[in-house]
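These notes concern the structure reproduced below.
Computed from the coordinates by the stated procedures, all read-outs in this text should not be read as laboratory data. Values in this document were obtained by computation on a predicted structure and should not be read as measured data. Note that each Cβ is placed from the backbone with ideal geometry, even for glycine, and that neighbours are counted across all protein chains shown.
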Amino acid sequence: MLRYYVVAFIAFAVDQLIKWSVATYMDIGQKIPLIPGFIQLTSIRNRGAAFGILQNQRLFFILVTAIVLVGIIIYLRKIYRRQKFLAYALVLIFGGALGNFVDRALHGEVVDMLELTFINYPVFNMADVFITTGVIMVMIDTLRASRADKASSQSLPE
């Protein structure tokens, strides 16, 4: 179980380190190209959720995220031995959610900094990357489990 908490801590620490660096060394609105025409650092603050929705709903986000974090811990304890892929997905979601939770609880906003310049897409942060990666992994796990269930039910004699 410890390895899962280590992965969650690494995701959280990477997110917090990058946010701290951007908040400390960049002015709000400042842009630094990383790969010209593809991605740049853009220092902004977000008091809402993805795509800037639900602005200034700090208490709501804190409560919902706290419930999600507790739910992940409880579920992780049930599945970590037999569903390792799903367990890693959940700890990525946990680490990212914890990163944004801490920002909202302490500062009332999250630091966003990653901007894809080749498409019109909202600026996001590493916590969002970890959460999105974890959710994609949950979807993959769900599809694999569904296919396995379907295959096993088709192979049963009637």
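Taking the Cα centre of segment 1-143 as origin and charging only Cβ (+1 Lys, Arg; -1 Asp, Glu), how large is the dipole, in debye to the nearest 20?
On the way: 12 positive and 8 negative charges, 125 e Å.
Dipole about the Cα centre, nearest 20: 600 debye.
Between Lys31 and Val6, the distance separating the two model label sites (each 7 Å from Cα on the Cα→Cβ line) works out to 4.1 nm.
Take every Cα pair under 8 Å whose residues are at least 6 apart in sequence, average their separation, divide by the length of the chain, and the relative contact order is 30 percent. Pick from Ala23, Ala87, Ala11 the residue whose mean-square fluctuation is largest in a GNM of the chain, springs joining Cα atoms under 10 Å. The residue that fluctuates most here is Ala23. For the options Thr117, Thr24, Thr65, a Gaussian network treatment of the chain with springs between C-alpha atoms closer than 10 Å singles out Thr24 as fluctuating the most. All alpha carbon pair distances within the chain were sorted into 5 Å bins beginning at 0; the resulting P(r) in whole percents reads 2, 9, 15, 18, 17, 13, 10, 7, 4, 2, 1, 1, 0, 0.
A simple spin-label model places pseudo-atoms 7 Å from Cα toward Cβ; at Leu17 and Ser146 they are separated by 3.7 nm.
May I ask you to compute the full-extension gain from Val138 to Tyr121, defined as 0.36 nm times their residue separation minus their alpha-carbon distance, rounded to one decimal in nm? Intermediate results must be reported in sequence, preceding the final value.
Numbers: separation 17, 0.36 × 17 = 6.12 nm, distance 2.33 nm.
In short, 3.8 nm is gained.
Largest GNM mean-square fluctuation among Ile72, Ile28, Ile119, using the chain with Cα springs under 10 Å: Ile119. Shown here is the pair-distance distribution of segment 83-140: with all Cα-Cα distances grouped in 5 Å bins from zero up to the longest one, the shares run 4, 21, 21, 20, 17, 12, 4, 1 percent. How far apart, in nanometres, would the label points at Ile39 and Ser153 be if each is projected 7 angstrom from Cα along the Cα-to-Cβ direction? Placing both labels 7 Å beyond Cα along the Cβ direction yields 4.0 nm.
Once you keep just the Cα pairs under 8 angstrom separated by 6 or more residues, what percentage relative contact order results for segment 12-77?
Values: 38 pairs, mean separation 10.9, N = 66.
Relative contact order, segment 12-77: 17 percent.
What does the charge add up to near Asp112, with Lys and Arg as +1, Asp and Glu as -1, over the other residues with Cβ less than 13 Å from its Cβ?
Result for the local shell: 0.
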